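Asker: Here's a structure for you.
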Amino acid sequence: MRLPLWLAGTNQRRTAIRVAVLISLAFVTFAYVLLPVRGVGPSMTPTIQQDDIVFVNRLSYQLREPRRGEVVAVRIAGRSAVYVKRLMAMPGDRVAIENGILSIDAVPVEEPYVVYRAPWQLRPTTLGPDEYFVVGDNRGMPMELHDMGTTTRARLIGPKTFGIY
Amino acid sequence: MAAALRPVVIAAALAVCGWYGWGYLFPDDEAEIRAVLERIAEGVSSGGEGGVSRIARASALRHEFSPQVTVDAGAPFERLTGRDAVIGMAGKVAGAAKHLDVRLDDVSIVLGSEGDTADVSLTAYAQLTDPAGGHGVDARELNAAFSKTDGRWLVRAVTLVRAIQPMDTR
């Protein structure tokens with residue numbers, strides 16, 4: 001079958017090679033580098049809304065350690081079931097929430113991305129050697145309905161790189 | 001040359017058939033546990049069949065669980081104790097869905113030193129279509145404890161592996 005000129009170009013063999021390379025690149029990118037995640041639920045509002053798509057870089061944490069304040073993907077199960085949360089405290093940090101204000105080592109953290117804030121309370125806790133504290137940006141929802149707490153390094157897949165909102 | 005090779009080829013083919021035949025007739029513990037998991041996934045799944053066949057399928061799960069089994073699969077499911085409670089919940093979940101496809105993947109089995117217990121970690125995937133046509137997917141990591149009773153591997157406990165551990169509030 002001959003493809004139309006506008007699609008195949010003047011050299012169909014070269015076009016076929018380009019298409020194959022593009023398909024291979026897309027496969028490698030989405031299988032091993034970028035993990036697309038669709039926003040489900042209100043816990044990261046307003047940073048990530050329902051049905052927003054964010055892309056997580058799977059390679060980042062192979063090359064460097066996670067950083068406080070990053071939006072990260074936390075593996076729930078399998079390869080692609082994840083939570084998206086903000087990483088707020090690292091191993092050894094003493095984390096607490098007092099009337100909705102999060103503090104690390106008794107110093108309140110400035111969080112411009114938190115727009116909604118309810119008077120949450122979290123007892124001061126020192127994180128263990130492999131404990132990372134993650135929480136969503138929507139602090140206005142009832143605390144008992146919000147999945148937050150500690151996770152392990154092995155469950156941190158990578159940081160959000162960009163999103164489609 | 002071809003004639004000389006024929007006995008070798010036949011012997012190799014017989015060896016392969018024997019290997020698979022032996023594994024089929026006398027499955028090892030890991031294969032038996034995987035078969036239990038497959039039957040559970042099949043029993044919990046439903047494809048829009050009628051109530052009677054759905055209940056029959058869920059009831060067949062009776063043979064896969066110990067009578068005192070405990071299941072804590074996380075919200076929205078309550079913690080279940082006892083085989084009847086588990087079968088009742090399986091029937092209820094399947095009945096609430098128009099179509100439910102459950103897969104148990106990433107299975108990793110560690111047999112106990114005595115050979116009569118096993119710890120299994122796995123990922124449960126569920127794809128659900130509700131009667132209104134809405135779609136939902138769920139995935140959760142689970143640990144399952146098995147024990148061998150009268151030659152059969154039975155599920156003794158199922159617990160959810162939480163990706164995020166809740167912390168003390170006040």
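Bear in mind these aren't lab numbers, they're just calculated from the coordinates by the rules spelled out. Source: prediction; values computed, not measured. Here the Cβ positions follow ideal geometry from the backbone for every residue, glycine too, while neighbour counts run over all protein chains shown.
Asker: Go through segment B:128-143 and report how many residues are farther than 30 Å from A:Val95 by Cα and within 14 Å of chain A (Cβ to nearest Cβ).
Answerer: So the count comes out to 5.
Asker: Take B:Val110 and decide whether it is in a strand (DSSP E or B), within 19 Å of B:Leu37 (Cβ to Cβ) and in contact (Cβ under 8 Å) with a residue 60 or more places away in the chain.
Answerer: No; evaluated as a whole, the condition is false for this residue.
Asker: Can you confirm whether segment B:103-114 contains a residue that is surrounded by fewer than 14 Cβ atoms within 10 Å (Cβ to Cβ) and farther than 21 Å from B:Val161 by Cα?
Answerer: yes
Asker: Considering B:Val155, B:Val71, which residue is of a type outside the set (D, E, K, R), within 15 Å of B:Glu32 (Cβ to Cβ) and buried (at least 18 other Cβ atoms within 10 Å of the Cβ)?
Answerer: B:Val155
Asker: Please work out which residue is nearest to the other protein chains (Cβ to nearest Cβ), limiting yourself to segment A:118-146 and to residues that are closer than 14 Å to A:Met88 by Cβ and charged (D, E, K, R).
Answerer: Taking the candidates together, the pick is A:Glu131.
Asker: What is the residue count in segment B:130-151 for residues that are within 14 Å of the chain's Cα centre (by Cα) and among the charged types (D, E, K, R)?
Answerer: Looking only at that region, the number is 2.
Asker: Now, a different point. What do you reckon, is A:Arg14 away from every other protein chain (no Cβ under 14 Å) and part of a helix (DSSP H, G or I)?
Answerer: Yes: the conditions hold for A:Arg14.
Asker: Let me ask something additional. Give just the number: which of (1) of a type in the set (Val, Ile, Thr); (2) within 14 Å of another protein chain (Cβ to nearest Cβ); (3) touching a residue at least 12 places away in the same chain (Cβ under 8 Å); (4) over 19 Å from B:Ser66 (Cβ atoms) does B:Thr159 not satisfy?
Answerer: Exception for B:Thr159: condition (4).
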